Every structure is written in C-alpha cells, then in structure tokens.
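The values are calculated or read from the model by the stated rules, or taken from the named source; none is laboratory data. Just so it is clear, the structure is predicted and the values come from calculations on it, not from any experiment. Ideal geometry is used to build each Cβ from the backbone, glycine not excepted, and the neighbour counts take in all protein chains shown.
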C-alpha cells in the first residue's frame, strides 16, 4: 500500500483524507443472537477498532444481499457480492455455555484479483 500522505484540498472543500494505513481482507459475517442480528467477523471488528483509534483502513470483503456494512463507514471498502453471507447462530445453553452453529456458508471466496487497482 502507498505510504501515508495528505492531499491538499481545493478551497471550499474538506481537507483530504490520509491514505489507509492497513488493508483488511475477509468475509463479512452475520452473528445471530437470541435478541438480534449484528454484523460480525474480523473485518467488522477491525473497522470498528480502527475508527475508534481515528484511523482509516481499506477493506476487501464479501457477503450476500443481507450483508450489513454499517461498520465500514469512513473506510475505503470494496464489497464483492456473494450469494449468501456467512452466518453464525449463538445460543446460550442451560449449563451456561454458549453454542455456535454455522447457519449459512459463503458460496464465494475472495481472490487476489478481487483487490482493486492501487490497493497492492
């Protein structure tokens, strides 16, 4: 990825943003809990952590039509459509343990050619 740089903004426009400091690659997931559904997976958590630190990152991800990409606001994102979003269901068992079940699988893997030009 290119080195961190700032672009000069034309008069009357917002100051340019820095080049993303990291590239995160992976599928978006949907985590299903008894009380609701939320976006999950490493790319979602990395995006939230970067935003909390005031950093902008580049994200290459994939998911289905039901994917929730709100965690990626403020980041450079390349979303590669898939037929389904990887979905995990979490259930609390009576003994206090948590059980995880894969509910829907991805039907498409990310490949090197999915990386946008300039993100090398």
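Computed values, structure above
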| item | result |
| --- | --- |
| Residue match in the range 33-46 (condition: touching a helix residue (DSSP H, G or I) at 6+ places or on another chain (Cβ under 9 Å), surrounded by fewer than 16 Cβ atoms within 10 Å (Cβ to Cβ) and farther than 20 Å from residue 119 by Cβ) | yes |
| Hits in the range 33-49 (condition: farther than 24 Å from residue 109 by Cβ and touching a strand residue (DSSP E or B) at 6+ places or on another chain (Cβ under 8 Å)) | 33, 34 |
| Qualifying residues in the range 62-77 (those that are outside any loop (DSSP other than H, G, I, E, B) and touching a strand residue (DSSP E or B) at 6+ places or on another chain (Cβ under 6 Å)) - the one surrounded by the most Cβ atoms within 10 Å (Cβ to Cβ) | 62 |
| Number of the exception - residue 87 against (1) modelled with pLDDT of 85 or more; (2) part of a loop (DSSP other than H, G, I, E, B); (3) over 18 Å from residue 22 (Cβ atoms) | (2) |
| Matching residues, the range 49-61, being surrounded by 16 or more Cβ atoms within 10 Å (Cβ to Cβ) and outside any loop (DSSP other than H, G, I, E, B) | 50, 51, 58, 59, 60, 61 |
| Filter pass, residue 84 being surrounded by 14 or more Cβ atoms within 10 Å (Cβ to Cβ), without any contact (Cβ under 8 Å) to a residue 24 or more places away in the chain and touching a strand residue (DSSP E or B) at 6+ places or on another chain (Cβ under 8 Å) | yes |
| Breaking point among (1) touching a residue at least 12 places away in the same chain (Cβ under 8 Å); (2) not in a strand (DSSP E or B), for residue 117 | (1) |
